[in-house]
Amino acid sequence: MIVSKSKEMIKKSFEKTVYEFTEIPELKLRDNFGIYIHVPFCYKKCSFCPFYKELFNRNLKEKYLKAIFTEINRTEYKSGPKWVYIGGGTPNTLNISELGAIIRCLQKKSKLRSIGIELLPSLLSREYIKGLKDIGFTKISLGVESLSETVINKTDRTGLGKEKIKELVDYARTLNLWVNLDMMVGLPEQIPEVFLNDIKNVSDIFPDQITIYPYMIIRGQKPKGYMEDRIQFNLIEQASKLLMPKGYSRKNVWVFAYGNDIYDSSGDELVRDYLGFGPSAFSTFGNWKIVNPELKIYLKNFDNNKKMGLVAKNSKSSNDWRRFAKMIYDLKCINQKELPFYISLFVLILRLFGYSRNGHLTEKGRIFAHEITKTVVESLPFPIQNPNCIKNYNEYVSYSN
């Protein structure tokens, strides 16, 4: 009852978020913000990916690069970002020279500390990894998803076997690059035995971090043979029992790391301001939530010397729920003084019903965390993919023509 009511409450809160296509407001950032750069291009569109992407086009890529340099250069901020993360799409559709130009553009504005990038393994080589190190990257994340050829082929993606992934990870670590491997549970035709064998194999590769994402159902579109949420959760719990003896510790609901450092921009985005550069990139600062428009309109912005985007109000209530969601995501449940009464009461209810003990979530609470976090991601009002949450959608469409 508590889980289902919580999920229903979260879904309703996101349904209230309405974006307007209008001029982007003046930037006002707090310290320790992050920077996200979206590279929208993919050679293929993977079936499990809910994020905005475009099929690779060399002409569009050149226009995109010109626009993103302009966007970065015209954005004013005072201090340096806590992290920089390049995601997609497929960021390694850009070559090392192009990525280096983006990093140098950011470095002209401020010192960069942690610089990470999401990579498609099948496009990766030792030379590319060395190039990333040379231009300043400190962390890399490989979207492996599954080592099973049968499973990965069902996603319209070309996979790499264990030995090739191990070779790439080992080489990256000789360069002192920090390495995460993304895995997925609940992919079509991925039976439990195959998933657990994948986890055993990636633990043998021994990256710095292993992130296990459940299959996300965006706007209710379940694939054939969908693995139910409780089964996905149980498999993540079994994966935990395989990883702990290898020296990994559970950092939050889906992240397992060796040592204290973790790479988790999704968690960071729940608690701090961040800037998004590139088409469809999100930003949160002050009283605003901003989403950049899709590539065609994004490029037109710069042709017209405009700063148009999808803008929504960022309320105190939504910020309070962000803090609560981050706490649950980190498998904690503490009555923090900055939380409002109604959330503090909810924290008390979770403790009374056995979801938490001594400030940490119990096994029952971890099920809650899994389902709540999954619901948050699945309920996010991605306005580009969901025109219903743009109140002046016709103006958005007419601007692109």
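The values are calculated or read from the model by the stated rules, or taken from the named source; none is laboratory data. The structure displayed is predicted, hence computed values, not measured ones. Using ideal geometry, Cβ is built from the backbone for each residue, glycine included, and neighbour counts are taken over all protein chains shown.
For the range 219-229, filtering for residues that are surrounded by fewer than 16 Cβ atoms within 10 Å (Cβ to Cβ) and within 21 Å of the chain's Cα centre (by Cα) leaves 4. Residue 306 meets the conditions (1) within 16 Å of the chain's Cα centre (by Cα); (2) assigned to a loop (DSSP other than H, G, I, E, B) in every case but one. The failed one is (1). Restricting attention to the range 204-223 and to residues that are touching a helix residue (DSSP H, G or I) at 6+ places or on another chain (Cβ under 8 Å) and part of a strand (DSSP E or B), the residue that is nearest to residue 376 (Cα to Cα) turns out to be 214. Of all residues in the range 373-390, those that are part of a helix (DSSP H, G or I) have Cβ atoms under 7 Å from Cβ atoms of residues that are among the charged types (D, E, K, R) and surrounded by fewer than 21 Cβ atoms within 10 Å (Cβ to Cβ), 6 or more apart or on another chain, in 374/229; 375/7; 375/11; 379/11.
State the number of residues belonging to the range 96-121 that are out of contact with any helix residue (DSSP H, G or I) (no Cβ under 9 Å at 6 or more places or on another chain) and either of a type in the set (Ser, Thr, Tyr) or in a strand (DSSP E or B) (or both). Result for the range 96-121: 2.
Pick from 55, 29: which is of a type in the set (A, V, I, L, M) and either closer than 22 Å to residue 289 by Cβ or more than 23 Å from the chain's Cα centre (by Cα) (or both)?
29
Taken over the range 204-228, the residue count meeting the criterion of being in contact with a strand residue (DSSP E or B) (Cβ under 7 Å, 6 or more places away or on another chain) and either on the phi > 0 side of the Ramachandran plot or of a type outside the set (A, V, I, L, M, F, W, C) (or both) is 7. Restricting the range 122-143 to residues that are out of contact with any Pro (no Cβ under 6 Å at 6 or more places or on another chain) and in a strand (DSSP E or B) leaves a set whose member that is farthest from residue 43 (Cα to Cα) is 139. The C-beta contact set for the range 1-14 (first residue touching a residue at least 40 places away in the same chain (Cβ under 8 Å), second residue exposed (fewer than 15 other Cβ atoms within 10 Å of the Cβ), distance under 9 angstrom, 6+ apart or interchain) comprises 2/349; 2/353; 13/317. Once the range 320-363 is narrowed to residues that are over 28 Å from the mean Cα position of the chain (by Cα) and farther than 23 Å from residue 13 by Cα, the residue that is surrounded by the most Cβ atoms within 10 Å (Cβ to Cβ) is 351.
Only residues that are crowded, with 21+ Cβ neighbours inside 10 Å and either assigned to a helix (DSSP H, G or I) or at pLDDT below 90 (or both) were counted across the range 156-191, and they come to 5.
What are the residues in the range 1-43 that are in contact with an Asp or Glu (Cβ under 7 Å, 6 or more places away or on another chain), among the charged types (D, E, K, R) and surrounded by 15 or more Cβ atoms within 10 Å (Cβ to Cβ), if any?
Within the range 1-43, 7 is the sole residue that qualifies.
Which one of these is out of contact with any helix residue (DSSP H, G or I) (no Cβ under 7 Å at 6 or more places or on another chain) and of a type in the set (S, T, N, Q): 201, 252, 234? It is 234. Quick check on my filter: what residues within the range 172-217 are over 17 Å from residue 237 (Cα atoms) and of a type in the set (Ser, Thr, Tyr)? Within the range 172-217, just 174 meets the criteria.
Let's see how each residue does on (1) within 15 Å of residue 281 (Cβ to Cβ); (2) at pLDDT 95 or above:
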| site | (1), (2) |
| --- | --- |
| 53 | yes, no |
| 62 | no, yes |
| 76 | no, no |
| 92 | no, yes |
| 97 | no, yes |
| 106 | yes, yes |
| 111 | no, no |
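For the range 192-205, filtered to residues that are closer than 18 Å to residue 169 by Cβ and among the charged types (D, E, K, R), the residue that is surrounded by the most Cβ atoms within 10 Å (Cβ to Cβ) is 198. Evaluating residue 194 against the criteria (1) of a type in the set (A, V, I, L, M, F, W, C); (2) assigned to a loop (DSSP other than H, G, I, E, B); (3) free of Cβ contacts under 8 Å to residues at least 60 places away in the same chain leaves one unmet condition, (2).
Evaluate the range 126-144: report whether one residue or more is out of contact with any His (no Cβ under 7 Å at 6 or more places or on another chain), buried (at least 21 other Cβ atoms within 10 Å of the Cβ), polar (S, T, N, Q) and touching a residue at least 12 places away in the same chain (Cβ under 8 Å). Yes: one or more hits. As for the range 60-74, it holds at least one residue that is over 27 Å from residue 320 (Cβ atoms), of a type outside the set (A, V, I, L, M, F, W, C), touching a residue at least 40 places away in the same chain (Cβ under 8 Å) and crowded, with 19+ Cβ neighbours inside 10 Å.
With respect to the conditions (1) at pLDDT 95 or above; (2) surrounded by fewer than 20 Cβ atoms within 10 Å (Cβ to Cβ); (3) within 22 Å of the chain's Cα centre (by Cα); (4) of a type outside the set (D, E, K, R), residue 211 falls short on a single one, namely (2).
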